[in-house]
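The values are calculated or read from the model by the stated rules, or taken from the named source; none is laboratory data. The structure displayed is predicted, hence computed values, not measured ones. Glycine also receives a Cβ, built like all others from the backbone with ideal geometry; neighbour counts cover every protein chain displayed. What goes into the accessible areas is simple: the full protein's heavy atoms, side chains included, and nothing from ligands, DNA or RNA. Shrake-Rupley method; radii C 1.70, N 1.55, O 1.52, S 1.80 Å.
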Amino acid sequence: MASTNGRRVTLKDVAEKVGVTPAAVSMALLDNGRISAEKKIAIRQAATELGYVGSSAARALRNQKTNTIALIVPLTATHVFGHSYFTHVLQGVTEACNRRDVQTLLATNADEAHGLAAYERVLRGNMVDGAVVTSAAITDSTVQRLSQGGVPVVLIGNFPYLDEPVTVGIDDRAASALATRHLLEVHGRKRLIHVAGPRDHQTGLDRSLGFADAVREAGVDEDSLIVESDLTEQGGATVVDELGSRLADYDGMVFANDDMAFGAITALTRLDIAVPTDMSVVGFDDFGLARVVSPGISTVRVPVEEMARDATERLLQIVDGVPGWTRRDFDVQFIARESCGCSATETPREL
């Protein structure tokens, strides 16, 4: 390559001059259709002005498939790997990869401050053909950079702030409203508490909004309460302990996941608050815990393995240049069990 200030001109030099990512520069120089004609002109002009000369060997390497995809989890291992959600996602991704004889590389990071470096090592190091991303926070700017970069990305979840991402997900807002309405309409509960997950994630935000929709429509929003916790069993128990005597003012609790619901039921029992007689409880996810505890937890069943399989299969299609969908929504079911006041044999309610 040519040199500037005594060193070689790199893709990063060109990217900084134009204000794009190195991956976008690489795609533009390879005439990739994902980069606009206007941007290609600007990038090529900058490359010429700086004296950038691409390596034919590097171009050949980039055009070869690695037969490996990344599963990117942009959260701490403690936060994600302790939840059964991740197990189901990993199962779905690996099943789809195994069918195509493709390897799965798990990419995570210790914290958000170092997340970009972790992603770049994987995506810009020609280590993978594409990536499935899950559990990304609204505030995680790396997600937008990944979706605009040179490596195909499919996202699990809802990302309304991105421009035309390829995503799979559910309508969390409608599903949470469905669960809340069950307590209001079937069991006549009037004073509800919603225990939300972190609302810096779209999932947590949408589930809170769904609860708010349902209580507002029922005219009981002024008697309802929303608190935030961390999606763990301990988090659910802590909410109950902190509310203490205030719990006497409420007759139902809607949790953003089953782990918190289980922790809360344990704490409620310790306080001699009977579930469901004194307090109806519903959760969200139905990944296994809700089915084996007593009382069984009424919950929204989310087909996470199927979602992860479809996300991976769509990613592999994109890698192969096969056109297809950019958004796929999955149906959920409300599974009524004993914790809300139903019997264990209730028929699931479809969303």
Inset, instruction - Identify, from the list Arg216, Arg199, Arg181, the residue that is touching a helix residue (DSSP H, G or I) at 6+ places or on another chain (Cβ under 6 Å) and at pLDDT 90 or above. - result: Arg181
Inset, instruction - Please work out which one of (1) over 30 Å from Gln144 (Cα atoms); (2) open to solvent by less than 60 Å² (accessible area, probe 1.4 Å) is the condition Pro198 fails and give its number. - result: (1)
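Among the residues of segment 285-333, count how many are charged (D, E, K, R) and crowded, with 21+ Cβ neighbours inside 10 Å. Quick ask: steps written out before the conclusion?
Step one: of segment 285-333, the residues charged (D, E, K, R) are 285-286, 291, 301, 305-306, 309-310, 313-314, 320, 327-329, 331.
Still in the list and also crowded, with 21+ Cβ neighbours inside 10 Å: 285-286, 309, 314.
Here the count works out to 4.
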Inset, instruction - Kindly indicate the residue of segment 107-125 that is surrounded by fewer than 14 Cβ atoms within 10 Å (Cβ to Cβ) and not charged (D, E, K, R) and also modelled with the highest pLDDT among those meeting that condition. - result: Gly125
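Output the residues belonging to segment 230-264 that are of a type in the set (A, V, I, L, M, F, W, C) and either under 23 Å from the mean Cα position of the chain (by Cα) or modelled with pLDDT under 95 (or both). Break it down stepwise before answering.
Let us first name the residues in segment 230-264 that are of a type in the set (A, V, I, L, M, F, W, C), namely 231, 237, 239-240, 243, 247-248, 253-256, 260-262, 264.
If the condition is that a residue be of a type in the set (A, V, I, L, M, F, W, C) and either under 23 Å from the mean Cα position of the chain (by Cα) or modelled with pLDDT under 95 (or both), then Leu231, Val254, Phe255, Ala256, Met260, Ala261, Phe262 are the ones that fit.
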Legend entry - From Asp249, Asp241, Asp258, residue being surrounded by fewer than 17 Cβ atoms within 10 Å (Cβ to Cβ) and touching a residue at least 40 places away in the same chain (Cβ under 8 Å): Asp249
Inset, instruction - Considering only residues that are modelled with pLDDT of 95 or more and outside any helix (DSSP H, G or I), look in segment 301-324 and name the one that is farthest from Gly188 (Cα to Cα). - result: Pro303
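Can you name every one of the helices (runs of 4 or more DSSP H) wholly within segment 1-106 that holds 1 or more residues which are modelled with pLDDT of 85 or more?
11-18, 37-50, 84-99
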Inset, instruction - Within segment 216-237, count every residue that is in contact with a strand residue (DSSP E or B) (Cβ under 7 Å, 6 or more places away or on another chain), open to solvent by 40 Å² or more (accessible area, probe 1.4 Å) and either hydrophobic (A, V, I, L, M, F, W, C) or assigned to a helix (DSSP H, G or I) (or both). - result: 1
Legend entry - Residue that is farthest from the chain's Cα centre (by Cα), among those in segment 155-187 that are open to solvent by less than 20 Å² (accessible area, probe 1.4 Å) and among the polar types (S, T, N, Q): Thr180
Inset, instruction - Kindly establish whether Met279 is without any contact (Cβ under 8 Å) to a residue 40 or more places away in the chain, surrounded by 20 or more Cβ atoms within 10 Å (Cβ to Cβ) and in contact with a strand residue (DSSP E or B) (Cβ under 7 Å, 6 or more places away or on another chain). - result: yes
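Provide a single number: the residues in segment 325-342 that are part of a helix (DSSP H, G or I) and over 30 Å from Leu268 (Cβ atoms). So that I can check it myself, show each step before the final result.
Filtering segment 325-342 for residues part of a helix (DSSP H, G or I) gives 338-340.
From the residues that got through so far, the ones that are over 30 Å from Leu268 (Cβ atoms) too are none.
Summing the residues that are part of a helix (DSSP H, G or I) and over 30 Å from Leu268 (Cβ atoms) in segment 325-342 gives 0.
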Legend entry - Qualifying residue in segment 203-215 (condition: open to solvent by 30 Å² or more (accessible area, probe 1.4 Å), without any contact (Cβ under 8 Å) to a residue 60 or more places away in the chain and among the polar types (S, T, N, Q)): yes
